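First comes the structure, then the notes that go with it.
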Amino acid sequence: MIDAEQTFIQYGIDSITRQLQRLYNKDKVMIMNTYQSSLKRTQRNVCLDVLGCDMLKVPFGAKLVRGAYVTEENKLALDQEVESPVFPNKALVDKSYNETMLFVLQHMPPCSHFNVASHNDTSVEIAEEEVMRRKKDFEKNNIQVSFAQLKGLSDKMTFGLAQRGHYTFKYLPYGPTNFLVPYLFRRAEEASYIWVEGQKKLEDVRHELFDVRKVHYKAGVILAGALILFAII
């Protein structure tokens, strides 16, 4: 698995990764590239790479993430007075992610491995539905689709996917502090919406529990009344 980095070195990483894939991805995926949907160019690049692998009869291996380095990329573009390579808002990133993901699921060649690395409920639901719809084709063509989330984030999602029979990963970041802390800050910035969604879900659970308590209370009152009536009779 070759991770994605800033755009000023990503072209070189992509070039080397493509060469390694053609060299080592024979009957199964040994080399996987990482694509960031926060970048405007990603959807086009993924489509070309998938079609290129299909033409060359090479298994396609990829991990799709929403991406990091957004603040850094915007600052660099501003300093150089050029257009930013990243989308200006999350809605466009989500759209790019879901469309790119569906294209890969619908067009990747035999023996491919595609990793849906996302904490987003909607994206994971769309992916899971497509995987189940194409399950027979994937099994016939030896195509593997997996899911991944960071350890400590979206554990319910990960365990649910695993219980439903999907191949799942939990990423555990580790390394020197000077590298790990900036990485975790980028992940926190990228996944900040998770906490908002989590608060909404928690509020829904609270309302549901309150409704359940009201039902149980009413049932208890009715039962107590029935017992009193029975005792009197």
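The values are calculated or read from the model by the stated rules, or taken from the named source; none is laboratory data. All of these numbers come straight from a predicted model, not from anything done at the bench. Cβ sites come from the backbone with ideal geometry, for glycine too, and all protein chains shown count toward neighbours. Areas reflect the complete protein model, heavy atoms only, side chains present, ligands, DNA and RNA absent. Shrake-Rupley method; radii C 1.70, N 1.55, O 1.52, S 1.80 Å.
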- Message: Among the residues in segment 45-52, are any over 24 Å from THR122 (Cβ atoms), in contact (Cβ under 8 Å) with a residue 24 or more places away in the chain and of a type outside the set (Gly, Ala, Ser)?
- Response: yes
- Task: Return only the number of the condition from (1) among the charged types (D, E, K, R); (2) within 24 Å of ILE31 (Cβ to Cβ); (3) modelled with pLDDT under 90 that LYS140 does not satisfy.
- Result: (3)
- Message: Cβ-Cβ under 6 Å, sequence separation 6+ or interchain: first residue in segment 120-136 and more than 16 Å from ALA162 (Cβ to Cβ), partner open to solvent by less than 20 Å² (accessible area, probe 1.4 Å) and among the aromatic types (Phe, Trp, Tyr). Which pairs?
- Response: SER123/TYR97
- Task: Hey, can you tell me all the residues within segment 113-170 that are in a loop (DSSP other than H, G, I, E, B) and among the basic types (Lys, Arg)?
- Result: ARG134, LYS151, ARG164
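Which of the following residues is of a type in the set (A, V, I, L, M) and more than 17 Å from TYR35 (Cβ to Cβ): VAL181, VAL93? Lay out the reasoning, then the answer.
Numbers: VAL93 fails: more than 17 Å from TYR35 (Cβ to Cβ).
Just a single option satisfies the conditions, and that option is VAL181.
Take the conditions assigned to a helix (DSSP H, G or I) and either aliphatic (A, V, I, L, M) or open to solvent by less than 40 Å² (accessible area, probe 1.4 Å) (or both) and apply them to THR34. Does it pass?
no
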- Query: Taking segment 83-108 only, how many residues are of a type in the set (S, T, N, Q) and within 13 Å of GLY67 (Cα to Cα)?
  - Reply: 2
- Message: Between GLN43, GLN106, which is of a type outside the set (Phe, Trp, Tyr), in contact with a helix residue (DSSP H, G or I) (Cβ under 6 Å, 6 or more places away or on another chain), open to solvent by 30 Å² or more (accessible area, probe 1.4 Å) and under 25 Å from ARG134 (Cβ atoms)?
- Response: GLN43
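Evaluate segment 72-89: report whether one residue or more is assigned to a helix (DSSP H, G or I), open to solvent by 20 Å² or more (accessible area, probe 1.4 Å) and touching a helix residue (DSSP H, G or I) at 6+ places or on another chain (Cβ under 7 Å).
First, pick out the residues of segment 72-89 that are assigned to a helix (DSSP H, G or I): 72-80.
After this cut, where a residue has to be open to solvent by 20 Å² or more (accessible area, probe 1.4 Å) as well, the list is 72, 74-76, 78-80.
Pick out the ones that are also touching a helix residue (DSSP H, G or I) at 6+ places or on another chain (Cβ under 7 Å) and you get none.
No: zero hits.
Checking the conditions here, which among ALA77, ALA62 is within 23 Å of SER15 (Cβ to Cβ) and under 13 Å from the mean Cα position of the chain (by Cα)?
On the way: ALA77 fails: under 13 Å from the mean Cα position of the chain (by Cα).
The match here is ALA62.
Does ALA62 satisfy being open to solvent by less than 30 Å² (accessible area, probe 1.4 Å), of a type in the set (Gly, Ala, Ser), assigned to a loop (DSSP other than H, G, I, E, B) and closer than 23 Å to LYS170 by Cα?
Numbers: open to solvent by less than 30 Å² (accessible area, probe 1.4 Å): yes; of a type in the set (Gly, Ala, Ser): yes; assigned to a loop (DSSP other than H, G, I, E, B): no; closer than 23 Å to LYS170 by Cα: yes.
No.
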- Item | In segment 47-59, the residues that are open to solvent by less than 30 Å² (accessible area, probe 1.4 Å) and under 17 Å from GLN144 (Cα atoms) | VAL50, CYS53, VAL58, PRO59
- Message: Cβ-Cβ under 6 Å, sequence separation 6+ or interchain: first residue in segment 76-90 and free of Cβ contacts under 8 Å to residues at least 40 places away in the same chain, partner surrounded by 11 or more Cβ atoms within 10 Å (Cβ to Cβ) and polar (S, T, N, Q). Which pairs?
- Response: ALA77/SER84; SER84/ASN74
